[in-house]
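Asks: Let me give you the structure first, and then I'll get to my questions.
The values are calculated or read from the model by the stated rules, or taken from the named source; none is laboratory data. Quick caveat, the model's predicted, so the values are computed rather than measured. Glycine also receives a Cβ, built like all others from the backbone with ideal geometry; neighbour counts cover every protein chain displayed. Surface areas here come from the heavy atoms of the whole protein model, side chains and all, with no ligands, DNA or RNA. Shrake-Rupley method; radii C 1.70, N 1.55, O 1.52, S 1.80 Å.
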Amino acid sequence: MNKFTLLLSLFLAFSVPKGSNAQATVSKAEISFEFVSKGVKGTIEGFESASRIDFDNPENSSFEGSVAVKSLDTNNGLRNWSLRSGKYFDADDFPRIQFKSTSVSQKDASLVVNGDLTLKGITKPITIDFIKKGNQLKGSTSIYSYDYGIKIKKKREDNLVNITLLFNLDNPK
């Protein structure tokens with residue numbers, strides 16, 4: 001549930017204004033999530049990125065990254081252990097959540113990143129909207145953990161996970 005949100009968040013998203021004559025990479029990420037129907041919040045770490053952001057031509061940008069499922073943290077040890085188990089995220093068989101962009105575009109002040117999120121061996125398309133603030137990109141997206149075989153609640157609509165991504169940029173002109 002919350003793990004899905006974190007994973008999605010980890011899957012890179014950046015918003016960059018045009019006309020900066022520079023490229024940037026992601027040096028650090030903070031990914032948080034909320035499993036809405038239960039009010040459970042958490043974070044996920046172990047972020048790795050091969051993303052490149054072209055400020056002048058966002059369509060030439062690529063976002064690719066992953067996070068470590070074992071780093072999922074909801075501030076409750078027993079819940080973390082359960083979520084990492086084979087019943088939910090299955091960290092042993094699927095140790096990383098991955099994202100790879102398929103397109104990047106500028107819309108007003110936002111960078112819209114479309115791509116594929118792979119969680120628990122299931123790949124689905126998602127969209128992440130990013131806004132640039134200083135040397136950071138802040139993005140958000142939502143997923144349904146149910147779509148990735150993580151069924152915390154019985155109904156799909158009760159498995160909504162909101163994800164927030166905060167990326168520190170290197171060379172963010």
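Asks: Quick one: in the stretch 104-117, of everything that is closer than 14 Å to E64 by Cα and in contact with a helix residue (DSSP H, G or I) (Cβ under 7 Å, 6 or more places away or on another chain), which residue is surrounded by the most Cβ atoms within 10 Å (Cβ to Cβ)?
Replies: The extreme case among them is V104.
Asks: While we're looking at this one, here's another question. Of all residues in the stretch 48-76, how many are in contact with a Leu (Cβ under 9 Å, 6 or more places away or on another chain) and among the polar types (S, T, N, Q)?
Replies: Total meeting the criteria: 7.
Asks: Could you list all residues from the stretch 81-93 that are free of Cβ contacts under 8 Å to residues at least 12 places away in the same chain and open to solvent by less than 70 Å² (accessible area, probe 1.4 Å)?
Replies: Residues satisfying the conditions are S82, S85, G86.
Asks: Only one of (1) in contact with a helix residue (DSSP H, G or I) (Cβ under 7 Å, 6 or more places away or on another chain); (2) not in a strand (DSSP E or B) is not met by K154, so which one is it?
Replies: If we test K154 against (1) in contact with a helix residue (DSSP H, G or I) (Cβ under 7 Å, 6 or more places away or on another chain); (2) not in a strand (DSSP E or B), just (1) comes out false.
Asks: Take the residues in the stretch 138-173 that are among the aliphatic types (A, V, I, L, M) and either open to solvent by 60 Å² or more (accessible area, probe 1.4 Å) or more than 12 Å from the chain's Cα centre (by Cα) (or both); name whichever of them is modelled with the lowest pLDDT.
Replies: So in the stretch 138-173, the residues among the aliphatic types (A, V, I, L, M) come out as 143, 150, 152, 160-161, 163, 165-166, 169.
Next cut, either open to solvent by 60 Å² or more (accessible area, probe 1.4 Å) or more than 12 Å from the chain's Cα centre (by Cα) (or both) only: 150, 152, 160, 169.
On the way: I150: 96, I152: 94, L160: 98, L169: 91.
Of everything passing the filter in the stretch 138-173, L169 is modelled with the lowest pLDDT.
A quick yes/no check of all residues on (1) within 24 Å of F55 (Cβ to Cβ); (2) buried (at least 18 other Cβ atoms within 10 Å of the Cβ); (3) in contact with a Gly (Cβ under 6 Å, 6 or more places away or on another chain):
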residue: V69; (1), (2), (3): no, yes, no
residue: P95; (1), (2), (3): no, no, no
residue: K120; (1), (2), (3): no, yes, yes
residue: T123; (1), (2), (3): no, no, no
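Asks: Shifting gears a bit: If you go through the stretch 129-140 one residue at a time, do you hit one that is touching a residue at least 40 places away in the same chain (Cβ under 8 Å), in contact with a Pro (Cβ under 9 Å, 6 or more places away or on another chain) and within 20 Å of F47 (Cβ to Cβ)?
Replies: Within the stretch 129-140, one or more residues are touching a residue at least 40 places away in the same chain (Cβ under 8 Å), in contact with a Pro (Cβ under 9 Å, 6 or more places away or on another chain) and within 20 Å of F47 (Cβ to Cβ).
Asks: Right, here's the next one. Return the pairs, sorted by first residue and then second, in which the second residue is in a strand (DSSP E or B) and modelled with pLDDT under 95, the first residue lies in the stretch 26-43 and is among the hydroxyl-bearing types (S, T, Y), the beta carbons are less than 7 Å apart, and the residues are 6+ apart or on different chains.
Replies: S27/N168; S27/L169; S27/D170
Asks: Identify, please: which residue in the stretch 12-41 is modelled with pLDDT of 50 or more and part of a loop (DSSP other than H, G, I, E, B) and is, among those, most open to solvent (accessible area, probe 1.4 Å)? Don't jump to the end; show me each part of the working.
Replies: If we filter the stretch 12-41 for residues that are modelled with pLDDT of 50 or more, which is where we start, we get 22-41.
Applying the additional criterion that residues be part of a loop (DSSP other than H, G, I, E, B) yields 22, 39.
Values: A22: 15, G39: 46 Å².
Among them, the one singled out is G39.
Asks: Using the structure shown, decide if K100 is without any contact (Cβ under 8 Å) to a residue 12 or more places away in the chain and closer than 15 Å to V26 by Cβ.
Replies: Details: without any contact (Cβ under 8 Å) to a residue 12 or more places away in the chain: no; closer than 15 Å to V26 by Cβ: yes.
When the stated conditions are applied, K100 does not pass them.
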